[in-house]
Amino acid sequence: MAGDAKPRLAVFKLASCDGCQLQMLNLEDELLDIAGKVEICYFLEARSQILDGPYDVALVEGSVTTEHDVERVRDIRRNSQMLITIGACASAGGIQALRNMQDVDEYTRSIYANPSYIHTLSQSTPVAAHVTVDFAINGCPISRQQLLEVLTSLLIGRAPQLPTYSVCVECKRKGNVCVLVSRGIACIGPITQAGCGALCPGFNRGCFGCYGPMESANPDSLCHRLAMRGIRRAEILRLLNGFTGWAEEFRSAAEKLEKTSP
């Protein structure tokens with residue numbers, strides 16, 4: 001992205017809560033510097049001006065839940081040199097992917113007075129299920145520091161450096177006592193990618209897996225260890241089927257666990 005012309009940046013939203021886009025606006029000390037070094041072509045949460053592509057970088061928040069989303073993300077991909085997903089929804093289907101485990105038609109019949117007005121796909125899927133993704137920033141929401149690292153790296157022409165280790169490393173660095181070992185609290189921090197600063201364990205709560213599976217995660221082994229600690233299968237499944245439950249590693253482990261005896 002180095003050169004005389006300002007890189008063209010676009011920020012798009014699919015099915016999501018806007019929390020990850022908000023993290024960009026929360027870069028209060030750095031936001032003006034970033035805005036001065038890029039041309040923001042599309043970012044409806046921050047400005048009304050819309051400039052057509054092509055774009056050097058597109059940040060995409062949210063999962064694909066409708067046919068319109070499919071068409072839109074393909075159009076974004078065609079018009080972007082680099083496509084980066086931001087957040088659990090874009091990278092793993094998000095909390096709305098819980099519907100993937102049930103009958104969506106039954107949901108719409110139960111909830112909506114006129115279900116025929118609801119046009120949705122049977123599953124909520126990550127952006128990478130439909131187009132090529134060049135880089136992903138995980139989290140629910142994403143870390144402001146990780147977003148700043150990625151944007152800064154692209155501006156100066158180096159590869160972003162995000163952690164690939166687990167939340168357990170962050171716990172050790174903060175001096176947290178392990179909630180699983182000391183209190184028997186269900187925690188999937190050992191298989192979750194770092195980035196949150198061990199927020200939940202810092203308040204004596206187990207990790208919910210917001211940042212998705214870490215590199216080379218072994219969820220089957222952790223599930224076995226949690227069961228040996230006396231943690232019920234339903235509790236383990238609740239954690240695996242959470243914010244990033246549609247990620248392959250978590251989904252596969254949950255499917256295996258569901259086939260075991262309660």
Review point. Would the stretch 251-260 turn up any residue that is in a loop (DSSP other than H, G, I, E, B) and surrounded by fewer than 21 Cβ atoms within 10 Å (Cβ to Cβ)?
Key: yes
Practice item. Check whether at least one residue in the stretch 50-62 is over 25 Å from Ser143 (Cβ atoms) and acidic (Asp, Glu), and report yes or no. Key: yes
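Yes or no, residue by residue, for (1) in contact (Cβ under 8 Å) with a residue 60 or more places away in the chain; (2) surrounded by 17 or more Cβ atoms within 10 Å (Cβ to Cβ):
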{"residue": "Ala5", "(1), (2)": "no, no"}
{"residue": "Leu14", "(1), (2)": "yes, yes"}
{"residue": "Leu25", "(1), (2)": "no, no"}
{"residue": "Asp29", "(1), (2)": "no, no"}
{"residue": "Asp33", "(1), (2)": "no, no"}
{"residue": "Lys37", "(1), (2)": "yes, no"}
{"residue": "Glu45", "(1), (2)": "no, no"}
{"residue": "Tyr55", "(1), (2)": "no, yes"}
{"residue": "Val60", "(1), (2)": "yes, yes"}
Exercise for review: Could you give me the residue pairs with C-beta distances under 6 Å whose first residue belongs to the stretch 83-94 and is assigned by TED's automatic domain parsing to the domain that holds Gln21, whose second residue is among the basic types (Lys, Arg) wherever it lies, and which are 6+ apart or on separate chains?
Suggested key: Leu83/Arg77
Revision key, fill the gap. When restricted to Ala92, Ala136, the only residue in contact with a strand residue (DSSP E or B) (Cβ under 6 Å, 6 or more places away or on another chain) and among the small types (Gly, Ala, Ser) is Ala136
Review point. Looking only at the stretch 105-148, which residues are modelled with pLDDT under 90, surrounded by 13 or more Cβ atoms within 10 Å (Cβ to Cβ) and hydrophobic (A, V, I, L, M, F, W, C)?
Key: Ile118
Review point. Just to be sure, is Gly242 crowded, with 23+ Cβ neighbours inside 10 Å and in contact (Cβ under 8 Å) with a residue 40 or more places away in the chain?
Key: no
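The values are calculated or read from the model by the stated rules, or taken from the named source; none is laboratory data. From a predicted model like this one, the values you see are computed outputs, not experimental measurements. As a convention, Cβ positions derive from the backbone with ideal geometry for all residues, glycine included, and neighbour counts pool all protein chains shown.
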